[in-house]
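Below you'll find the structure, written out as structure tokens, and then a few comments.
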Amino acid sequence: MSIYDELGVKQIINAHATLTRLGGSIMPPEVIAAMQEAAGWFIDLDELQARVGAKLAELTRNEAAYVATGAAAGIVLAAAACVTRNDRALMARLPDTSGMKNEALVFKSHRNGYDHAIRNVGLKIVEVGDGATCAPADLEAAITDRSAVFVWFQGAMSGRGDLPLTQVIDLCAARGVPVIVDAAAQLPPVENLWRFTQMGAACAIFSGGKDLRGPQASGLVVGQKWLIEAMRPIGNPNAGLGRPMKVGKEEMVGLLAAVRRYLSLDHEARCRRDEQVVADWCQTLNRLPGVRAQRSFPNEAGQPLPRCEVILEDGARLTRDALMRALMAGAPAISVAAAGERGIFLNPMTLSDAEVDLVTARLLQLL
């Protein structure tokens, strides 16, 4: 009996995405082994954070790096660092930012639930653009002597109602405003680990528990040394704004193992495998009455990986909602994403080969 059986928690086959609510990803054996080894010793946590950060920076071609408790915590700490600039007196006052640079610039089209990570610092969000369009003059007009940081959200929401990231970085740099990039789900491609910072972003922030397959309670912040150094006194184990966002020795070492593993993977082979899975799904499911399956690219997070969109037309055995309920009611349950009014998305990136076969068999049984 597994711990999940004991607790009565349903185990799920994830054909949906690397979602926090589904547990992120499945950690590979080398990450679990690293965490287990780290758990067996007492260490100086500040020293470990510095040493792990130095190694992560080397691996990812960055000046510096920091392990946070997830990407959202990374946003909090990075934004706070942009406000305080390593001034201990200012750090002690957070989230009271009165008298400081206390505005964060965000494109209106980028507004989302992770705004809370910015506001936790005590920053006021200033929207740039009208949500549909934006001109360089709009950004220039929004920058004032109160502007502490520009936060760019990379992914499905970027590319609409905004400006190119390179232009944002250049315009902000001319006025001394650092740009932080929330790239939580922007792996693959692996080059993103250094691409945004090589553009000139002060830092880029990734989830440790998504495609990196590290500890879910971890986030990777890579970027310029001044920013990373200004984050350290704010975060655990120091008594700053980030003290509740405790990252342990196990997460630090586990994330390091995950990044090492990720950089060693054959990403082209992984992409070919996912393309083959989607092609096989399309060939198999298109034989069924009332079912139309097609390749969808990129996936929901804007990653350069394919999904299979399965549309249930007139004559299909089940409606979309009935199919999703039936998939989740099985043992094991299968989670998929809704697509429009009548379809689902099947995502191969979170499935083992055996799970691909299981998902295919279940769909054939139900449809």
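Miscellaneous remarks
- Amide N proximity, region 211-231 versus residue 86 label position 7 Å along Cα-to-Cβ, cut-off under 19 Å: 221-231
- For region 37-42, 3J(HN,Hα) per residue [Karplus equation, 6.51 cos²θ - 1.76 cosθ + 1.60, θ = phi - 60°, Hz, x = Gly/Pro]: 5, 4, 5, x, 9, 8
- Pairs over the 25 Å Cα-Cα cut-off, from the set 108/225; 108/246; 101/225; 55/225; 225/246; 210/246: 108/225; 108/246.
- Region 277-301 and region 55-116: distance between their alpha carbon centers, rounded to Å: 41 Å
- Farthest toward the positive end of the dipole of region 43-264, out of 131, 52, 187, is the Cα of 52, where the dipole comes from beta carbon charges about the Cα centre.
- Debye intensity ratio I(q)/I(0), log10, region 173-238, q values 0.16 Å⁻¹ (C-alpha model): -0.57
- A prolate overall shape is assigned to region 221-367, the ratio a/c of its alpha-carbon gyration tensor axes (a ≥ b ≥ c) being 1.5 or greater and a/b exceeding b/c.
- Label assignment, semi-axes √(5λ) of the Cα gyration tensor in Å derived from the structure, set (1) 36, 23, 20; (2) 38, 26, 18; (3) 32, 28, 19: (2)
- Rounded to two decimals, the Cα-based Rg/Rh of region 136-221, with Kirkwood Rh, is 1.01.
Just so you know, all these numbers are worked out from the coordinates, no wet-lab data involved. Predicted model, so just to flag it, every value in this text is computed and none were measured. All Cβ positions, glycine included, derive from the backbone under ideal geometry; neighbour counts span all protein chains shown.
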